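Every number in this text was worked out from the coordinates using simple rules, so none of it is lab data. Being a predicted model, the structure only gives us computed values, none of them experimental. Here the Cβ is made from the backbone with ideal geometry for all residues, glycine too, and neighbour counts use every protein chain on show.
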Amino acid sequence: MHVILEQIINGLTIGSFYALIALGYSMVYGVLKLINFAHGDFFTLGSYLGYTVLVFGAALLTAHFGLWGALTAALIFAAVSLALVGLIVERLAYRPVYPAGRLPAVVSALGASIFLQNTIMVGWGPRFQAYPSELIPNVHLQIGGIHLSLLQILILVMSFLLMGLLYYIVQKTTFGAAIRATAHDRKTASLMGININKVILFIFTLGPALGAMTGIMVGMYYRQISFTMGWNYGLKAFTASVLGGIGNIPGAMIGGLILGVLEMLGAAYISAAWKDVFVFIILILVLIFRPTGILGEKVAEKV
Amino acid sequence: MAPLLNIEHLSISYGGIQAIKDVSIHLEQGEIVSVLGANGAGKSTLLQAVSGLVPISGGSVVFSSEVLNKVPAYEIVLKGISLSPEGRRVFPTLTVEENLNLGAYTRRKMRDEVRKAKDRVFSLFPILSERRKQLAGTLSGGEQQMLAIGRALMSTPRVLLLDEPSLGLAPILVKQIFDIIAEINAQGTSILLVEQNAHKALGIASRGYVLENGRIVASGPTSSLRSDEKIQEAYLGGAALRKKAAR
């Protein structure tokens, strides 16, 4: 019983990584109908920027602001940097090709992905990099017989706060309603006085910033990062957004969490070597039997 | 005095086809003006051009002495022109209230005004108040039409553009919608109405225009349009009327 609960918590941890990355895919897809293949690399770049701050700036930052200060600085630095990178990529790689249709934009996204990946490789080298090991005190707690590390609790709390914040913005504010309206019908949204370009810029800053923070959490959790990791995480997060219903923001969160838990349970009870296979079997099954995903159901429009 | 909305020698072409050719229409403060025409006559294109959704290739749209030709759609609302589009185009996955709030998107910081505008919409369409928490996609066709008009009113426009408000509605609902359009006008909003239902459109308006293949082929006070034989024939079921009279 405890084992299964622990596996579910492990699953929720990696699931929240998938969910936070999936949000970036889903927001962009919702508004632009574009699968932003560079999004996984935003995540990687954020992870590397956080790594650099923590490795080279930690001594200085920790001396002045303490451990939590250093961590916060790394998160903010990576998030702000990636928000800028997101804006630049949108401007240079996507905006010029929007008028040409959806396929050129997808090709351009793949190009942006390759470019970012190689830039990271050139900047930090092709080897794995290791996150500092004693960043978060290695404290283990036992709650009702379940083992939890302080790091894991921290990651879960932060992920859920970020998801809650995004959920609030998108579902409860008028600007969020504007984003959803734009995703549904751009022309009519502009009749409401919504500036579509502002919505696009917003999602291209928020998505990459969330991805960057996730990159740092993944670095702290697994300790090891590589310049190619965006591909694997990106693909799984994409699966999560399809599972939840692509373009649907609560769907991306639910899809990510479900995927993480299924992956962990599959790894624990069937075979760890096959865990990626479970994920992609889920993708295939969803695409065959419920291509709209869990929450992507269409409300019938009356004519 | 110059008219509130003045469309002068407007031409619109897209995809190599000229959809609107040299069309001039004006709307005075407080008026209802109807534009009649069959499917594909260019009625919707006309309203979309005024709203900034389709580019204008010739002529001009002037609203209270400001040229709107190059103004993007999202700024037209701010100027005081609001469109209730053909086919209603409510946001089906948003609630009725969220749809209305988006209608007042440009004034979202002015909470009191938004509340006032919403109260007005709810008094015009009480059913929307009952359904405020419901998803717009679950409304009936008539309710969606009310929502589309209500949403357009949320920006308290000086000119309301209505594109086929009777489309696909049962006669009793059409009557209800047109009664409310008259009431909106009586409250001071000028209305440019595009319709296929010529009886209703001429019944409510002071003046009318007839659009055929992108050109104005007739215009004038509604009384003179109604007595015009060609218009009776083409839009008012003239042949049927005469048969009835002969019997």
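Things to note:
- Relative contact order, whole percent, for chain A stands at 37, derived from Cα pairs under 8 Å and 6 or more residues apart.
- Shape category assigned to region A:80-201 from the gyration tensor of Cα positions, a/c cut at 1.5: oblate
- Signed unit charges on C-beta, dipole axis of chain A, positive-most listed residue A:9, A:208, A:292: A:292
- Shielding by other protein chains, B:99-110, mean Cβ within 10 Å: 4
- From helices alone, chain A scores -25500 deg cm²/dmol at 222 nm; the rule is -39500 (n - 2.57) for each run of n ≥ 4 DSSP H residues, then divide by the residue total.
- Residue B:39 versus residue B:67: modelled label distance in nm, points set 7 Å from Cα along the beta carbon direction: 3.8
- 222 nm mean residue ellipticity, helices alone, for chain B (DSSP H n ≥ 4; -39,500 (n - 2.57); rounded to 500): -11500 deg cm²/dmol
- For the residue pairs A:198/B:109; B:79/B:118; A:33/A:275; A:33/B:133; A:187/A:236, alpha carbon separations beyond 26 Å are given by A:33/A:275; A:33/B:133; A:187/A:236.
- Segments A:62-75, A:108-121, B:91-104, A:36-49 sorted - mean Cβ within 10 Å per residue, highest first: A:36-49, B:91-104, A:108-121, A:62-75
- Region A:110-197: relative contact order as a whole-number percent, Cα under 8 Å and 6+ apart: 11
- Highest mean first, the peptides A:243-254, A:135-146 sorted by other C-beta atoms within 10 Å per residue fall in the order A:243-254, A:135-146.
- Simple Cβ-charge dipole of chain B, Lys/Arg +1 and Asp/Glu -1, about Cα centre, in debye nearest 20: 420
- For region A:177-261, the list of trypsin sites (Lys or Arg not before Pro) that fall in a loop by DSSP and count at most 15 other C-beta atoms within 10 angstrom reads A:223.
- Order of A:202, A:280, A:17 under a 10 Å beta carbon neighbour criterion, fewest first: A:280, A:202, A:17
- Per-residue average of Cβ from other chains inside 10 Å of B:86-96: 5
- Given chain A, longest segment not containing exposed loop GluC sites (Glu not before Pro) (DSSP; at most 15 other Cβ within 10 Å): A:135-296
- Judged by the ratio a/c of the largest to the smallest principal axis of the C-alpha gyration tensor, chain B counts as oblate, that ratio being 1.5 or greater while a/b is no larger than b/c.
- Estimated dipole of the protein assembly as shown in Debye, rounded to 20 [Cβ of Lys and Arg +1, of Asp and Glu -1, Cα centre]: 620
- Taken over region A:1-64, the alpha-carbon convex hull comes to 138 cubic angstrom per residue.
- Net charge dipole size for region A:2-289 [Lys, Arg +1 and Asp, Glu -1 on Cβ; Debye, nearest 20]: 720
- From the C-alpha gyration tensor of region A:115-168, square roots of 5λ in Å: 31, 20, 8
- Neighbouring partner chain Cβ atoms per residue of A:172-182, average, 10 Å criterion: 4
- Ordering B:69, B:150, B:101 by Cα displacement along the dipole of region B:1-154 toward the positive end leaves B:101 in first place; charges were set at the Cβ atoms of Lys, Arg (+1) and Asp, Glu (-1).
- Normalised by 2.2 N^0.38 Å, where N is the number of residues, the C-alpha radius of gyration of region A:149-220 stands at 1.37.
- Förster radius 56 Å - calculated FRET efficiency between residue A:288 and residue A:64, Cβ distance, rounded to 0.05: 0.50
- Computed on chain B, with alpha-carbon pairs under 8 angstrom and 6+ residues apart, the relative contact order is 26 percent.
- Sequence of A:227, B:63 once ranked by neighbouring C-beta atoms within 10 Å, starting from the fewest: B:63, A:227
- Working note: Cα atoms of region A:2-289, range along each principal axis, descending, whole Å: 55, 47, 37.
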